[in-house]
Amino acid sequence: MGGLALSFDIPLIRSAAGEVWSVLATRSIATFVTAMVAWSVLRFVLGRRTALIPGPMGLLIGIFYGINSLTFMLAVFNTTTANVVFILAFTSMFAAILSWVFLGERPANATLLTMAAMVAGVALIVHDGLASGNIFGDAMAACSALLLASAITLSRRSGLDMGFVPLVTALVPGIAALFLLPDTGFEIAHPGFILFNGLVMIPFAFFCLATGPRYLSAPEVGMFYLLETVLAPIWVWIVFAETPTTQTLIGGSILILALLAHSLWQMRSKARAARESDAAAEFPFTG
């Protein structure tokens, strides 16, 4: 559900037709407002005590999410939608590497092969960005992927409820963007789109995705960002007729096929392990 909601982020940003800092400030502050309203309802109406930022680990994770908001927005405004979302697909592989290093969860050989294929796909997209002069936007998208992977890996390690962390810390890039506004102030042609994005879609998406690591591994959560990879270019193509280049489509296809194959392998492995576990429980003394 979080990945599906996130797929509308870039189309709504583009539909607002605004200046980058105006859009970032509006989107981030609106997200923070929604977070505070939701937290107040939980705390004072329903009597449920939920920490906005659970301790130092929550603060560190919030910093990663906050910087990600900045790098993501810079990517959206400096390269094509297809480049942004295809490079962000690398989030799951970054998460696998970080989980291996910091959590001791070594990726299986199939995961390592998938990562190699994804490196090839991203290399094609970045090479296309170099040729078209979009290298800065592509680099910002890569930074976003690494920041998201770091955030979900740390969330997995802590085991704490981080649902509100990316929403509350959105205030930081929002305030920073206010100081970078043009002299004419806010420049957004259609503010309704970005307000809907900040007040509804982004809080819902990141609450779901930030809660996921409590129940799934970091690489698995990262893979749900692939819904944005697949759907966002389709929405943008339908609304804005922004057609990806052939090289970008080839690189993106490699990414999607590699991750699809890996996901199918994971499902088969888990099913096999479940059958073996059931068999061992049924015949504990066999062999």
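Residues that are of a type outside the set (A, V, I, L, M, F, W, C) and within 13 Å of GLY137 (Cβ to Cβ) within the range 60-80 comprise THR71, ASN78, THR79, THR80, listed in sequence order. Just one of the listed residues (PHE77, PHE94, PHE72) is surrounded by fewer than 22 Cβ atoms within 10 Å (Cβ to Cβ) and part of a helix (DSSP H, G or I), namely PHE77.
Residue by residue through the range 1-33, note down the ones that are assigned to a loop (DSSP other than H, G, I, E, B) and open to solvent by 30 Å² or more (accessible area, probe 1.4 Å). Once the filter is applied, which keeps residues that are assigned to a loop (DSSP other than H, G, I, E, B) and open to solvent by 30 Å² or more (accessible area, probe 1.4 Å), the range 1-33 yields MET1, PHE8, ALA17, GLU19. Scan the range 51-69 for residues that are at negative phi and surrounded by fewer than 21 Cβ atoms within 10 Å (Cβ to Cβ) and the total you get is 10. Those helices (runs of 4 or more DSSP H) of the range 181-287 in which 2 or more residues are at pLDDT below 75 occupy 218-223, 226-240, 246-282. Among the numbered conditions (1) farther than 22 Å from ALA30 by Cβ; (2) of a type in the set (Gly, Ala, Ser); (3) in contact with a Cys (Cβ under 9 Å, 6 or more places away or on another chain), the only one that ALA75 does not meet is (1).
Restrict the check to the range 34-42 and report whether at least one residue is closer than 23 Å to PHE224 by Cβ, assigned to a loop (DSSP other than H, G, I, E, B) and in contact with a Leu (Cβ under 6 Å, 6 or more places away or on another chain). Scanning the range 34-42, I find no residue that is closer than 23 Å to PHE224 by Cβ, assigned to a loop (DSSP other than H, G, I, E, B) and in contact with a Leu (Cβ under 6 Å, 6 or more places away or on another chain), so the answer is no. State whether the residues of the range 117-124 include one that is surrounded by fewer than 23 Cβ atoms within 10 Å (Cβ to Cβ) and without any contact (Cβ under 8 Å) to a residue 40 or more places away in the chain. Yes - at least one qualifying residue is present in the range 117-124. A search for C-beta distances below 9 Å between a residue of the range 160-179 that is in contact (Cβ under 8 Å) with a residue 60 or more places away in the chain and any residue that is in a loop (DSSP other than H, G, I, E, B) and among the polar types (S, T, N, Q), counting only pairs 6+ apart in sequence or on different chains, returns ASP161/THR50; GLY163/THR50; PHE164/THR50. Can you say whether PHE136 is part of a helix (DSSP H, G or I), at pLDDT below 85, aromatic (Phe, Trp, Tyr) and out of contact with any Phe, Trp or Tyr (no Cβ under 6 Å at 6 or more places or on another chain), as far as the supplied structure shows? So PHE136 does not fit the description; no.
The values are calculated or read from the model by the stated rules, or taken from the named source; none is laboratory data. All figures in this text were calculated on a predicted structure; none of them were measured in a lab. Note that we place each Cβ from the backbone using ideal geometry, even for glycine, and neighbour counts take in every protein chain shown. Keep in mind that these areas ignore ligands, DNA and RNA; they rest on the heavy atoms of the full protein, side chains included. Shrake-Rupley method; radii C 1.70, N 1.55, O 1.52, S 1.80 Å.
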